[in-house]
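S.K.: Got a structure here, written out as structure tokens. Questions coming.
The values are calculated or read from the model by the stated rules, or taken from the named source; none is laboratory data. This structure is a prediction, so every number in the text was calculated from the model and none was measured. We place every Cβ from the backbone using ideal geometry, glycine too, and count neighbours over all the protein chains shown. Just so you know, the surface numbers come from the protein's heavy atoms only, side chains and all, with ligands and any DNA or RNA stripped out. Shrake-Rupley method; radii C 1.70, N 1.55, O 1.52, S 1.80 Å.
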Amino acid sequence: LLLAPPPPPPPPPGVHPDARVSPDAVLGGGVSIGPFTVIEPGVRIGAQTVVGPQCYIGHGTTIGRDSRLYPQVVIREGCRLGDRVVLHPGVVIGSDGFGYKPDAQRRWEKIPQVGVVVIEDDVEIGALTAVDRARFGETRIEAGVKVDNLVQVAHNVVIGAHSIVAGQAGFAGSTRVGRRVLVGGQAGFSGHLEVGDDVALGGRAAVMSDLPKPGFYSGAPAIPHAQDLRQMAMLSRLPKLREQVAAL
């Protein structure tokens, strides 16, 4: 930190003349709104929050104080963000959940996604991550969670407080992740799972069933890491074993 260059100064408070802010939006003291940003009716933004250029904040959204939205963040209607939330460029909050059903002609019919996304205090979400709104109720990211770039969080997922998620991980719908969970890069979660507190998952782990107990899991499907290492060691010996069997 002593050798790091100083961060650029924050933009000055106020609404840029090229922004479009609804007259009934409520902006707290010291809020900064960048150029070409659109803020729809019913939005409430807390004091000292900075909204960068080219952002979109949909109808009825609330954002707490001291938050930072970098350029091209999209927050759709009705979502709720807490204090000190940081959203990096290209984050999308409240996109529709992936819900369809076949009709009588086996064509896909969209299931309305009428819930919201709730992001609690001190959450940081990396660039180009998408958090889908719930089908009903809430998709929730609890306090202190840190999410890397290019992560997919599907409808009705809950990520517990102070968990951390590395890049390209994906959570299928209605999965519930406990507190202080560590998720490695490209890990994937099947839908409707329960992952307990203090679970750690290696990169590319495939979680296909509940993991209620704390521990380090890896592999596909995800199993205790020591067991996964033993299986990989056995697989590496299979070619030689095949030669031995063929020689018999």
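S.K.: Please work out, to two decimal places, the log10 of the ratio I(q)/I(0) at q = 0.25 Å⁻¹ from a Debye calculation in which every Cα of segment 99-191 carries one identical scatterer.
M.R.: -1.27
S.K.: For segment 208-216, just list the computed ³J(HN,Hα) in residue order, Karplus coefficients 6.51, -1.76 and 1.60, θ = phi - 60°, integers in Hz, with x standing in for Gly and Pro.
M.R.: So the J values, rounded to whole Hz, are 10, 8, 4, 10, x, 9, x, x, 9.
S.K.: What nm distance separates the two modelled labels at GLN186 and HIS162, each placed 7 Å from Cα along Cα→Cβ?
M.R.: So the two model labels end up 3.1 nm from each other.
S.K.: Now, a different point. Just by accessible area at a 1.4 angstrom probe, what is the order of GLU109, GLU40 from largest to smallest?
M.R.: So the residues, ranked largest to smallest area, are GLU109, GLU40.
S.K.: What share of Cα pairs, in percent, lie more than 19 angstrom apart in segment 173-248? Before the final figure, lay out each step's value.
M.R.: Numbers: 1132 of 2850 pairs.
That fraction is 40 percent.
S.K.: Once phi is turned into ³J(HN,Hα) by the Karplus curve 6.51 cos²θ - 1.76 cosθ + 1.60 with θ = phi - 60°, what whole-Hz value does each residue of segment 179-194 show in order, with x for glycine and proline?
M.R.: Values, residue by residue: 7, 6, 7, 10, 10, x, x, 6, 5, x, 10, 5, x, 6, 9, 10 Hz.
S.K.: When the chain is modelled as a GNM with alpha-carbon springs shorter than 10 Å, which of GLY191, GLY29, GLY78 fluctuates the most?
M.R.: Of GLY191, GLY29, GLY78, the most mobile in the Gaussian network model is GLY29.
S.K.: Mind listing the long-range amide H neighbours of VAL21? Cut-off is under 5 Å, sequence gap 5 or more, other chains count too, H placed in the peptide plane at 1.01 Å from N.
M.R.: Answer set, sorted by chain and number: ILE39.
S.K.: For the residue pair ALA226 and ALA206, what label-to-label distance in nm results when each label sits 7 Å from Cα along the Cα-to-beta-carbon direction?
M.R.: Distance between label points: 2.5 nm.
S.K.: Per-residue HN-Hα couplings for segment 67-72, Karplus 6.51 cos²θ - 1.76 cosθ + 1.60 at θ = phi - 60°, whole Hz, x for Gly and Pro?
M.R.: Per residue, the Karplus-derived 3J(HN,Hα) values read 9, 9, 10, 7, x, 6 Hz.
S.K.: Calculate the dipole size of segment 96-218 relative to its Cα centre from +1 charges on Lys and Arg beta carbons and -1 charges on Asp and Glu beta carbons; express the result in debye to the nearest 20.
M.R.: Charge dipole of segment 96-218: 460 debye, to the nearest 20.
S.K.: Return the long-range amide H neighbours of GLY99 (sequence gap of 5 or more, or a different chain), with a cut-off of under 5 Å between placed amide H atoms.
M.R.: When sequence neighbours closer than 5 places are left aside, the close amide H contacts are ILE111.
S.K.: Looking only at VAL15, VAL51, VAL118, which one moves most when the chain is put into a Gaussian network model with springs between Cα atoms under 10 Å?
M.R.: Checking each option, the largest mean-square fluctuation is seen for VAL15.
S.K.: Multiply the residue separation of TYR100 and LEU2 by 0.36 nm, subtract the distance between their alpha-carbon atoms, and state the gained length in nm to one decimal.
M.R.: Here the answer is 30.1 nm.
S.K.: For the chain, list log₁₀ I(q)/I(0) at each q in 0.10, 0.17 Å⁻¹, using the Debye formula over Cα point scatterers of equal strength and ignoring solvent, two decimals each.
M.R.: The computed values of log10 I(q)/I(0) come out as -0.56, -1.18.
S.K.: Just to confirm a number: summing +1 for Lys and Arg and -1 for Asp and Glu over residues other than VAL147 whose beta-carbon lies under 14 angstrom from that of VAL147, what do you get?
M.R.: Net of charged neighbours comes to -4.
S.K.: Please work out the C-alpha center-to-center distance from segment 168-192 to segment 205-222 and express it in whole Å.
M.R.: A separation of 10 Å, based on Cα centres.
S.K.: Where a ≥ b ≥ c are the square roots of the eigenvalues of the C-alpha gyration tensor, would you call segment 75-142 rounded, which needs a/c under 1.5, or, failing that, prolate if a/b is larger than b/c, or oblate?
M.R.: It is prolate, given that a/c is not under 1.5 and a/b is the larger ratio.
S.K.: If you don't mind, there's one more thing I want to ask. Please name which of LEU2, ALA104, PRO13 has its Cα lying farthest along the dipole of segment 1-154 towards the positive end, using unit charges on Cβ (Lys, Arg +1; Asp, Glu -1) and the Cα centre as origin.
M.R.: Going by the charge dipole, the pick is ALA104.
S.K.: Which whole-number percent gives the relative contact order of the chain, counting Cα pairs below 8 Å spaced six or more residues apart?
M.R.: 8 percent
S.K.: Hey, got the dipole for the chain? About the Cα centre, +1 on K and R Cβ, -1 on D and E Cβ, debye to the nearest 20?
M.R.: Roughly 700 debye for the chain.
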